[in-house]
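S.K.: Quick one: the structure is below, questions incoming.
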Ligand code: DX5
Ligand code: ZN
């Protein structure tokens, strides 16, 4: 079974809780929270105080995607704000193993994200320590970009590696995922599906979420 993770980047920030409740009521499991600092990526979004405000009223799994430099500096704040999973970028961590252990020390789940150009090999030696690997299927920074087709063999390569090692690691995909291409990423091995614009820009969120699930199984 897949898990759906709507990305709040495409929500209406002026009505954030209202929009988040729509995806929660539609049965989505994760809330994908895109944190951008204007340095690691050319865009700025939100910080721990927004996460903390949402936490009071939302029961979904809070999945924080940190697209920031020096993530270690902010891990504790995001944990205290109520995140259940923190995902850091391989490219932003000089001492990735240390950062992973830092996140795990708080008793929450940890993920590592790879930009499109970053090979699977770069996480081979730390994959046993993580709960999830996020394969970026666009270059991070913005919602509404086109899916990069060459990420399909990368997802397959990761899935083969995880299975061959007998590991229990989720594969998350993020960027340009729509109801009409979700089947491809799921067949390649992804089981946690991020979707921003496809969900929040749709007229009827519940039927779009249902369509994602139906097509994912096709
Ligand atoms: C991009 C973000 C994504 C983004 C996805 O940097 O990490 O989570 O919101 O948006 P869509 O689904 O519109 O590509
Ligand atoms: Zn994201």
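No value in this document is a laboratory result; all are computed from the given coordinates. Just so we're clear, the structure is a prediction, and the values are computed from it rather than from any experiment. Cβ coordinates were reconstructed from backbone atoms using ideal geometry, including for glycine residues, and neighbour counts include every protein chain displayed.
S.K.: Is the range 192-201 home to any residue that is surrounded by fewer than 17 Cβ atoms within 10 Å (Cβ to Cβ), over 19 Å from residue 116 (Cα atoms) and within 13 Å of ligand 1 (Cβ to nearest atom)? Outline the logic, then answer.
M.R.: If we filter the range 192-201 for residues that are surrounded by fewer than 17 Cβ atoms within 10 Å (Cβ to Cβ), which is where we start, we get 201.
With the extra rule that they be over 19 Å from residue 116 (Cα atoms), the set shrinks to 201.
Then keep just the ones that are within 13 Å of ligand 1 (Cβ to nearest atom); that gives 201.
Yes, there is a match, as at least one residue in the range 192-201 is surrounded by fewer than 17 Cβ atoms within 10 Å (Cβ to Cβ), over 19 Å from residue 116 (Cα atoms) and within 13 Å of ligand 1 (Cβ to nearest atom).
S.K.: Here's something else I'd like to know. Considering only residues that are buried (at least 20 other Cβ atoms within 10 Å of the Cβ) and not in a strand (DSSP E or B), look in the range 61-73 and name the one that is nearest to ligand 1 (Cβ to nearest atom).
M.R.: Taking the candidates together, the pick is 68.
S.K.: Give all pairs with beta carbons closer than 8 Å in which a residue from the range 33-54 that is in contact (Cβ under 8 Å) with a residue 60 or more places away in the chain meets a residue that is loosely packed, with under 15 Cβ neighbours inside 10 Å and not in a helix (DSSP H, G or I); count only pairs at least 6 apart in sequence or on separate chains.
M.R.: Note: pairs meeting the criteria are 36/44.
S.K.: Right, here's the next one. So residue 200 passes all but one of these: (1) closer than 17 Å to residue 1 by Cα; (2) touching a residue at least 40 places away in the same chain (Cβ under 8 Å); (3) touching a helix residue (DSSP H, G or I) at 6+ places or on another chain (Cβ under 8 Å); (4) within 16 Å of ligand 2 (Cβ to nearest atom). Which condition number does it fail?
M.R.: Every condition holds for residue 200 apart from (1).
S.K.: Select from the range 140-153 the residues that are surrounded by 14 or more Cβ atoms within 10 Å (Cβ to Cβ) and without any contact (Cβ under 8 Å) to a residue 40 or more places away in the chain and write down the one among them that is farthest from ligand 1 (Cβ to nearest atom).
M.R.: Looking at residues that are surrounded by 14 or more Cβ atoms within 10 Å (Cβ to Cβ) and without any contact (Cβ under 8 Å) to a residue 40 or more places away in the chain, I get 152.
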